[in-house]
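What follows is a short report on a single structure.
Since every read-out is calculated from the coordinates, none of them should be taken as a lab result. This structure is a prediction, so every number in the text was calculated from the model and none was measured. With ideal geometry, Cβ positions are generated from the backbone for all residues, glycine too; neighbour counts draw on all protein chains shown.
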Amino acid sequence: MQREISVPFTAEQDEDGVWSAAAALTPDAFANGQGPTREAAIEDLKEAIALLAEEVGVPDHWL
């Protein structure tokens, strides 16, 4: 079953121009994404969140 969740995240660009995005699915489960653009980093983060959700589950408050 596939569900859509909304998870708050941060995105920032480092001094070399690489974008990083990060989110916490639970207090102990974090996901990160990187890319050459903000959008690419967010897409990478979405993939990481999906994998993490499969591993640790999705807390009820994100549904």
- Tell me, what is the percent relative contact order of the chain, built from C-alpha pairs under 8 Å that lie six or more residues apart? 29
- Query: Going through region 1-48, which GluC sites (Glu not before Pro) have at most 11 other Cβ atoms within 10 Å and a DSSP loop state?
  - Reply: Glu4, Glu15
- Message: Out of the trypsin sites (Lys or Arg not before Pro) in the chain, which ones are loop residues according to DSSP with at most 12 other C-beta atoms within 10 Å?
- Response: Arg3
- Once the Cα atoms of helix 38-56 and of the chain are each reduced to a long axis, what angle between those two axes, in degrees from 0 to 90 to the nearest 10, is obtained? 30
